[in-house]
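Every number in this text was worked out from the coordinates using simple rules, so none of it is lab data. Given the structure is predicted, the values throughout are model-derived calculations rather than measurements. Note that each Cβ is placed from the backbone with ideal geometry, even for glycine, and that neighbours are counted across all protein chains shown.
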Amino acid sequence: MNDRVDLEALRLAVYRAFAATGAAPYAGELSAGLDVGLGAVRDGLAELAHGRHLALADDGRILMAHPFAAVPLGFSVMGRDTLWWGGCAWDSFALPHLLPDQAPVLVATTCPACDAPHAWRVGTHAPPPGGQVAHFLVPVEHIWDDVVWTCSNQRLFCSVECVDRWLAREGLERGYLMDLVTLWRLASRWYAGRLQPGYQRREPSAAADYLRSVGLDGSFWGL
Ligand SMILES: [Zn+2]
Ligand SMILES: [Zn+2]
């Protein structure tokens, strides 16, 4: 058993476990699968979290490997033969693009303002029909201050009226509103490559180009 872990192999093992099972792998499973000591796996996970490939709980458990989540954040995503916590609205709409064999997936949630249930069949060819609106609370420059909080506040609502009612009730300022078409476009290629070896995060300028290309604008997105 090795006492050093190849970070990219570890990252891929986490992503592939999430993709195949819907659940985060335990450090012990990663250690056995990669033939690397448990301490090295834990150090590697911390390093991946530092590089924003993962979000970890205080006890080291994997909470998120975007767009995968190990905790409920308001969404479920049912594929052909696998069920995932959907992460946020962005992440839920991204899963069929990352896992086209599972598409179209059933994304389900409830409106945070009025608890009305909503569901869409989300595929890779066109955005789903619907007049619902996505509301993102946290501006892009603060996404990683507390990424679980950020994702738990990227939700889908019945209408702008429901967004405003929820904001007033929670004492929060409006963030960014988008329709389902824009959300689907945002989700379509953002996470491309994360299930392949050699994945590199986008440089800031490429990220900005992508966000502009899907129709986003303004200081909320750092544009
Ligand atoms: Zn998210
Ligand atoms: Zn509502």
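Could you tell me which residue of the stretch 183-206 is farthest from the chain's Cα centre (by Cα), considering only residues that are assigned to a helix (DSSP H, G or I) and small (Gly, Ala, Ser)? Show your work before the answer.
The initial filter retains those residues of the stretch 183-206 that are assigned to a helix (DSSP H, G or I), namely 183-190, 204-206.
Next cut, small (Gly, Ala, Ser) only: 187-188, 205-206.
Values: ALA187: 9, SER188: 12, SER205: 21, ALA206: 19 Å.
My answer is SER205.
Only one of (1) within 16 Å of ligand 1 (Cβ to nearest atom); (2) over 24 Å from ARG212 (Cβ atoms); (3) in contact (Cβ under 8 Å) with a residue 40 or more places away in the chain; (4) crowded, with 21+ Cβ neighbours inside 10 Å is not met by CYS88, so which one is it?
(2)
Under 8 Å between Cβ atoms, which residue pairs at least 6 apart in sequence (or on different chains) link something in the stretch 138-151 that is in contact (Cβ under 8 Å) with a residue 40 or more places away in the chain with a partner that is assigned to a helix (DSSP H, G or I) and among the β-branched types (Val, Ile, Thr)?
So the pair list comes out as TRP144/THR150; THR150/ILE143.
If only one of VAL41, VAL77 is β-branched (Val, Ile, Thr), away from ligand 1 (no atom under 16 Å from the Cβ) and either crowded, with 18+ Cβ neighbours inside 10 Å or part of a loop (DSSP other than H, G, I, E, B) (or both), which one is it? Before you say what the answer is, go through the steps one by one.
Numbers: VAL77 fails: away from ligand 1 (no atom under 16 Å from the Cβ).
The match here is VAL41.
For the stretch 83-181, which fully contained strands (runs of 3 or more DSSP E) count at least 3 residues that are touching a His at 6+ places or on another chain (Cβ under 9 Å) and farther than 16 Å from ALA69 by Cβ? Working first, answer last.
Numbers: elements: 83-85, 105-110, 117-122, 133-136, 154-157, 176-179.
Counting at least 3 such residues, we get 176-179.
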